[in-house]
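See structure below.
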Amino acid sequence: QLQAFGGGLVQTGGSLRISCAAPERTFSTYTVAWFRQAPGKEREFVAALFRRNSRPSYADSLKGRFTMSRDNARSMVSLQMNSLKPDDTAVYYCAASRTAIMSAITVVGSYAYWGPGTLVTVSS
């Protein structure tokens, strides 16, 4: 069971760090990703770390503002979000997969394990 936490209310231009914990001992070998879903919109890819790769992949529109990191010792991933905008308001989900392929890490269907999400609200 993945558990995302750290969401909340932040003003435009502010920063927030959300994290996701997983109980699985082999978490370090999983592909782990962040997705988000704004009200009335499709769930969209935010960032991912492919298996043991230490270099995250990001949605083009978020590069430079969001930073994803992994702490294998704690089976945890985090997403540091800076210069937040009202358009970043969404429920943020962490997801994990043992079988995702690199070319499909941005695809919702590549992930079998999902947490319940944490709400991030950016006020204008």
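The values are calculated or read from the model by the stated rules, or taken from the named source; none is laboratory data. This is a predicted model, so every value here is computed, not measured. So basically every Cβ, Gly included, is an ideal-geometry build from the backbone, and we count neighbours across all protein chains shown. Note: accessible area is taken over every heavy atom of the protein model, side chains too, but ligands, DNA and RNA are not part of it. Shrake-Rupley method; radii C 1.70, N 1.55, O 1.52, S 1.80 Å.
Farther than 23 Å from GLY109 by Cβ and either modelled with pLDDT of 95 or more or out of contact with any Cys (no Cβ under 9 Å at 6 or more places or on another chain) (or both): does that describe GLY40? Spell out the reasoning first.
Working: farther than 23 Å from GLY109 by Cβ: no; either modelled with pLDDT of 95 or more or out of contact with any Cys (no Cβ under 9 Å at 6 or more places or on another chain) (or both): yes.
Here the answer is no, as GLY40 does not meet what is asked.
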Top-ranked residue of segment 79-105 - restricted to ones that are surrounded by fewer than 18 Cβ atoms within 10 Å (Cβ to Cβ) and either among the small types (Gly, Ala, Ser) or under 11 Å from the mean Cα position of the chain (by Cα) (or both), ranked as farthest from CYS20 (Cα to Cα): SER103
Just one of the numbered conditions (1) in contact (Cβ under 8 Å) with a residue 60 or more places away in the chain; (2) out of contact with any helix residue (DSSP H, G or I) (no Cβ under 8 Å at 6 or more places or on another chain) is not true of ASN53; which one? (1)
Residue pairs within 8 Å by beta carbon, gap of at least six or interchain, first lying in segment 99-124 and in a helix (DSSP H, G or I), second modelled with pLDDT of 95 or more and of a type in the set (Lys, Arg), listed first then second, are VAL108/ARG43
SER69 meets each of (1) open to solvent by less than 40 Å² (accessible area, probe 1.4 Å); (2) part of a strand (DSSP E or B); (3) of a type outside the set (Val, Ile, Thr) with one exception, condition (1)
Within segment 40-65, the count of residues that are surrounded by 13 or more Cβ atoms within 10 Å (Cβ to Cβ) and in a loop (DSSP other than H, G, I, E, B) comes to 7
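Rundown of residues vs (1) more than 11 Å from the chain's Cα centre (by Cα); (2) in contact (Cβ under 8 Å) with a residue 12 or more places away in the chain; (3) open to solvent by less than 30 Å² (accessible area, probe 1.4 Å), yes/no style:
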| site | (1), (2), (3) |
| --- | --- |
| GLY13 | yes, yes, no |
| ARG25 | yes, yes, no |
| THR31 | yes, yes, yes |
| TRP34 | no, yes, yes |
| ARG74 | yes, yes, no |
For segment 28-39, state whether one or more residues are among the aliphatic types (A, V, I, L, M) and in a loop (DSSP other than H, G, I, E, B). yes
For segment 14-25, does any single residue satisfy the condition of being out of contact with any strand residue (DSSP E or B) (no Cβ under 6 Å at 6 or more places or on another chain) and hydrophobic (A, V, I, L, M, F, W, C)? yes
